[in-house]
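Taking it in order: structure first as structure tokens, then the write-up.
The values are calculated or read from the model by the stated rules, or taken from the named source; none is laboratory data. A quick note: this is a predicted structure, and the numbers were derived from the prediction, not measured. Cβ placement follows ideal geometry from the backbone for every residue including glycine, while neighbour counts extend to all protein chains displayed.
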Amino acid sequence: MTTVDFDPGAAAARATDAILHDTLHGTERGVVVDSPPGAGKSTLVVRAALELADAGRPLMIVAQTNAQVDDLVLRLAEKNPDLPVGRLHSSDTDAYDKALDDLPQVRTSARAADLGGLPVVLSTAAKWAHVKVDEPWPHAIVDEAYQMRSDSLLAVAGLFERGLFVGDPGQLDPFAIVGSEQWAGLSYDPSASAVTTLLAHNPALPQHRLPVSWRLPASAAPLVSRAFYPYTPFRSGTGHGDRRLAFAVPSDGSGPDRVIDEAAESGWGLLELPARHTPRTDPEAVRAVAAVVRRLLDRGGAATSERAPGTPLPLTADRIAVGTAHRDQAAAVRAALAELGVADVTVDTANRLQGREYDVTVVLHPLSGRPDATAFHLETGRLCVLASRHRHACIVVCRAGVGDLLDDYPSTEPVQLGTLVKFPDGWEANHAVLAQLSEHRVGWRP
């Protein structure tokens, strides 16, 4: 059988062309796009916005956070400096990035009426929910639609006639501060994602997916696709020889150095500490994470990629991130890094790292040292985010015994009739990731 070479650029272009065709020329009220990590979701949103504006179709853009809105405004301004753009914001003093004030084509206001007549207006879902209009926008683009609750979509649905919904189905589910058990299984569950509810009521809407991740390297895309996107598989936009991570300073033989070398070679590394039940802010695991970061910087790392072939770029602190499940764990890691004199490394929870990209990530495994496996720690989106932020390598710090913990964990969650079962479940996804990491395991007793 002849193997047909996969052309990632051509595959991505075909998918984008089909999405834009349905958006500009389709007759359905909505178009849904599934985007895996690093597939160019924001690039698609910006391109669709520019093409709609060029076609004389005014549109509103809905994002979930102010940072996402500001990023999209900056991207639009960069792509078309002559396009008038409106940034609708709250009345808070720091409601938007003040860098927007330096862009003459961007008009900012807390009142939608002040931005009337502009071809593109952007704001958060929370702000849009308070806007009233006489005539709806012809089009809307909803960014991060899987992280938007359906009640938020209902609050803005009357503002536009047709929508493009773009998001990542494998990331964390929308956050709700109240229990939602009373709505489970109902088609109008307000805590469900906007896309889930949209498709429940409009199953015939066109659905597309972006087939290529330009962030994840060839070493990571197969695992992330298999473990978290079994029904919407994707490929890496690069080959195994396109990226390289090298270090000027040789290994000193310690656990952190050995796992760094393993990750540089294979893209994955597991620094496994002795099995033990620990507090959530496990001091040994926190120090191990900090030690790995310190050595990544001390060894003079350099990353080579398709962005600048043949030109190694220094692995600086701002290109490294540490991911945790809880905020107190992140705070403990920051303190440990400060003791080692490390600054400018991003340390945050999976929720806050969502959508961001780094050369190397160091992850404190959500189940490390735990006596139980709760639904929170087994959530597929949390592990997916932590395992999909990197361009070159991901190093996981974890205590031994997680596999046994998963096998001993009984599923006690009540089954709700009519509820869409999320697949794969956390148990299966964790086992898939552990199986891969076990091939790159470095045992270490601090």
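Structure above, values below:
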read-out: Pairs with Cβ under 8 Å, 6+ apart, first in segment 271-300 and more than 20 Å from residue 439 (Cα to Cα), second among the basic types (Lys, Arg) and buried (at least 21 other Cβ atoms within 10 Å of the Cβ); value: 276/399; 278/399; 282/399; 285/399
read-out: Answer residue from segment 353-375, given it is surrounded by fewer than 17 Cβ atoms within 10 Å (Cβ to Cβ) and out of contact with any Lys or Arg (no Cβ under 8 Å at 6 or more places or on another chain) and is nearest to residue 146 (Cα to Cα) among those; value: 375
read-out: Number of positions in segment 400-437 that are farther than 19 Å from residue 228 by Cβ, surrounded by 11 or more Cβ atoms within 10 Å (Cβ to Cβ) and modelled with pLDDT of 85 or more; value: 3
read-out: Checking residue 368 against (1) of a type in the set (S, T, N, Q); (2) closer than 21 Å to residue 446 by Cβ; (3) under 18 Å from the mean Cα position of the chain (by Cα), the condition it does not meet; value: (3)
read-out: Some residue of segment 221-235 being aliphatic (A, V, I, L, M), at pLDDT 95 or above and more than 30 Å from residue 446 (Cβ to Cβ); value: yes
read-out: Yes/no for residue 17 being in the same structural domain as residue 101 (by TED's automatic domain parsing), within 25 Å of residue 118 (Cα to Cα) and free of Cβ contacts under 8 Å to residues at least 60 places away in the same chain; value: no
read-out: Residue that is at pLDDT 95 or above and within 17 Å of residue 144 (Cβ to Cβ), where the choices are 48, 18, 53; value: 48
read-out: Pairs with Cβ under 6 Å, 6+ apart, first in segment 203-216 and over 30 Å from residue 303 (Cβ atoms) and in a loop (DSSP other than H, G, I, E, B), second among the hydrophobic types (A, V, I, L, M, F, W, C) and at pLDDT 95 or above; value: 205/32; 206/31
read-out: Residues satisfying the stated conditions in segment 353-400, i.e. closer than 22 Å to residue 319 by Cβ, among the small types (Gly, Ala, Ser) and in a loop (DSSP other than H, G, I, E, B); value: 355, 387, 388
read-out: Neighbours by Cβ (under 6 Å, 6+ apart or cross-chain): first from segment 50-75, closer than 15 Å to residue 87 by Cβ; second among the acidic types (Asp, Glu); value: 63/143; 70/97
read-out: Within segment 320-351, tally of residues that are in a strand (DSSP E or B) and of a type in the set (Val, Ile, Thr); value: 6
read-out: Count of segment 358-387 residues which are modelled with pLDDT of 95 or more and among the acidic types (Asp, Glu); value: 1
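Conditions (1) outside the structural domain of residue 125 (by TED's automatic domain parsing); (2) surrounded by 20 or more Cβ atoms within 10 Å (Cβ to Cβ); (3) among the charged types (D, E, K, R), marked per residue:
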site: 35; (1), (2), (3): no, yes, no
site: 39; (1), (2), (3): no, yes, no
site: 42; (1), (2), (3): no, no, no
site: 47; (1), (2), (3): no, no, yes
site: 60; (1), (2), (3): no, yes, no
site: 65; (1), (2), (3): no, no, no
site: 70; (1), (2), (3): no, yes, yes
site: 86; (1), (2), (3): no, yes, no
